[in-house]
């Protein structure tokens, strides 16, 4: 019975399958690039905040991939902090969007350029 337990845990955690670290990093870089382009080109505040969330998730994928590749789970704990910051950012963004929409009845970021100091 003890050998069965040892055999079941022998390959834990399992090595990377045929999908390599480069695949995960490519997906992460593509997501981050899409988020960055979306943030810089769109003027709708909701779309800008969604693109920010996409960039947060891309960073999370890269951290988990590096963590798994090096068999060190600290990257996954950093992802918990990224998700926490993303949730706080989403709550603040929603409150800000509602406030701005009530004042100007528009979500276009160009209308708020006069707020620059």
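Is it true that some residue in the stretch 94-106 is assigned to a helix (DSSP H, G or I), modelled with pLDDT under 85 and surrounded by 15 or more Cβ atoms within 10 Å (Cβ to Cβ)? The answer is yes; a qualifying residue exists. Pairs meeting the criteria (first residue in the stretch 78-93 and at negative phi and in contact (Cβ under 8 Å) with a residue 40 or more places away in the chain, second residue surrounded by 11 or more Cβ atoms within 10 Å (Cβ to Cβ) and part of a helix (DSSP H, G or I), beta carbons under 6 Å, at least 6 apart or on different chains) are 93/49.
Looking across the stretch 49-75 at every residue that is more than 14 Å from the chain's Cα centre (by Cα) and part of a helix (DSSP H, G or I), the one that is farthest from residue 104 (Cα to Cα) is identified as 69.
The values are calculated or read from the model by the stated rules, or taken from the named source; none is laboratory data. Worth saying up front: this structure is predicted, and the values here are computed from it rather than measured. Cβ sites come from the backbone with ideal geometry, for glycine too, and all protein chains shown count toward neighbours.
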